[in-house]
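Chemist: Pasting in a structure now, in structure tokens, and then I'll have a few things to ask.
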Amino acid sequence: MIAYLKGTIFQKLPHQVIVDIGGVGYCAVIPLTTYFKLGEVGQPVELLIHTHLTDNALSLFGFMTADERDLFLKLIGVSGIGPKLAMNILSGMNAVDLVDAIQKSDVGRISTIPGIGKKTALRIAMELQDKLEKKEKLLGAKRSQEQEDLLSALMNLGFRRKEVETVVDAILRSHKEEKPEFEKLLRECLGKLAKV
């Protein structure tokens with residue numbers, strides 16, 4: 001099984017790239033997010049690969065980041081979603097936004113991706129929500145260390161991640177000018193959660 005390619009870009013298109021490795025060209029299907037990060041033809045490239053084998057084809061799917069590849073693997077684990085549709089999803093929304101939409105069960109936002117109807121969006125949200133919550137670092141979500149520490153502390157106290165995210169964000173926004181101690185922030189979060 002091919003898991004990684006390192007070579008030179010021979011050809012690139014929005015949906016695929018051919019990587020020249022010692023005179024052999026490997027064609028990998030890629031999402032748009034990876035396409036925009038690629039260099040020009042003739043430049044070096046490194047891709048993480050998922051090898052997909054079916055009865056009549058062997059296909060390579062390439063990604064610039066481990067987060068994108070991990071999300072792709074989770075998507076193809078959802079009933080009714082194959083590799084092509086998973087690539088379409090990753091091309092239609094970046095990984096951080098997609099994870100955010102899944103965690104918030106934002107079916108409307110997920111269904112804005114071309115080719116994804118409300119039923120499929122609902123299935124993605126339902127089947128992936130718990131799997132994503134279990135992941136400690138959620139696809140490089142753009143959160144400060146302070147936010148992550150508060151989320152971690154509250155989740156260790158038994159709260160679900162999606163319950164506490166909004167509260168943590170609101171508390172930190174209210175303290176933009178000053179930086180109170182961690183314990184004070186945690187107490188405020190707990191106070192707000194007690195009123196919910």
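The values are calculated or read from the model by the stated rules, or taken from the named source; none is laboratory data. All values derive from a computational prediction rather than experimental measurement. Every residue, glycine as well, gets a Cβ built from its backbone with ideal geometry; the counts of neighbours run over all protein chains shown.
Chemist: Which members of region 36-77 meet the condition of being of a type in the set (A, V, I, L, M, F, W, C), assigned to a loop (DSSP other than H, G, I, E, B), under 21 Å from the mean Cα position of the chain (by Cα) and farther than 13 Å from G7 by Cα? Talk me through it step by step, then tell me what you get.
Modeler: Start the filter on region 36-77 by keeping residues that are of a type in the set (A, V, I, L, M, F, W, C), which leaves 36, 38, 41, 45, 47-49, 53, 57-58, 60-61, 63-64, 66, 71-73, 75-76.
Then drop every residue that is not assigned to a loop (DSSP other than H, G, I, E, B), which leaves 38, 41, 57, 64.
Retained after the next criterion (residues that are under 21 Å from the mean Cα position of the chain (by Cα)): 38, 64.
Residue satisfying the conditions is M64 alone.
Chemist: What is the number of the single condition among (1) outside the structural domain of Q11 (by TED's automatic domain parsing); (2) among the small types (G, A, S); (3) loosely packed, with under 13 Cβ neighbours inside 10 Å that A86 does not meet?
Modeler: For A86, the exception is condition (3).
Chemist: Further question: Could you check region 94-121 and list, in sequence order, the residues that are within 22 Å of I49 (Cα to Cα) and surrounded by 19 or more Cβ atoms within 10 Å (Cβ to Cβ)?
Modeler: Passing the criteria: A95, L98, V99.
Chemist: State whether the residues of region 19-26 include one that is crowded, with 18+ Cβ neighbours inside 10 Å and closer than 24 Å to G115 by Cα. Give the steps one after another, and end with the answer.
Modeler: Taking region 19-26 first, the residues crowded, with 18+ Cβ neighbours inside 10 Å are 19.
With closer than 24 Å to G115 by Cα added as a condition, the list becomes none.
So far as region 19-26 goes, no, none of its residues is crowded, with 18+ Cβ neighbours inside 10 Å and closer than 24 Å to G115 by Cα.
Chemist: With the structure loaded, tell me whether I89 is assigned to a helix (DSSP H, G or I) and at pLDDT 90 or above or whether it fails that test.
Modeler: On the way: assigned to a helix (DSSP H, G or I): yes; at pLDDT 90 or above: yes.
Spelling it out, I89 is indeed assigned to a helix (DSSP H, G or I) and at pLDDT 90 or above.
Chemist: How many of the residues making up region 1-18 are part of a loop (DSSP other than H, G, I, E, B) and surrounded by 13 or more Cβ atoms within 10 Å (Cβ to Cβ)? Even if it seems obvious, please write down each step before you answer.
Modeler: Taking region 1-18 and keeping what is part of a loop (DSSP other than H, G, I, E, B), we get 1-3, 14-15.
Subsequent filtering for residues that are surrounded by 13 or more Cβ atoms within 10 Å (Cβ to Cβ) retains 2, 15.
The number of residues fulfilling the criteria is 2.
Chemist: I'd like to check which helices (runs of 4 or more DSSP H) are fully inside region 141-196 and have at least 1 residues that are within 18 Å of D100 (Cα to Cα). Explain how you work it out, then say what you get.
Modeler: Values: elements: 145-156, 161-174, 182-195.
Helices (runs of 4 or more DSSP H) meeting the threshold: 145-156, 161-174.
Chemist: Right, here's the next one. Quick one: G25 ticks every box in (1) more than 19 Å from L128 (Cβ to Cβ); (2) at pLDDT below 90 except a single one, so which number is it?
Modeler: Unmet for G25, out of (1) more than 19 Å from L128 (Cβ to Cβ); (2) at pLDDT below 90: (2).
Chemist: Of the residues A95, A57, A28, which is in contact (Cβ under 8 Å) with a residue 40 or more places away in the chain and outside the structural domain of K162 (by TED's automatic domain parsing)?
Modeler: Details: A57 fails: in contact (Cβ under 8 Å) with a residue 40 or more places away in the chain; A28 fails: in contact (Cβ under 8 Å) with a residue 40 or more places away in the chain.
The unique qualifying residue is A95.
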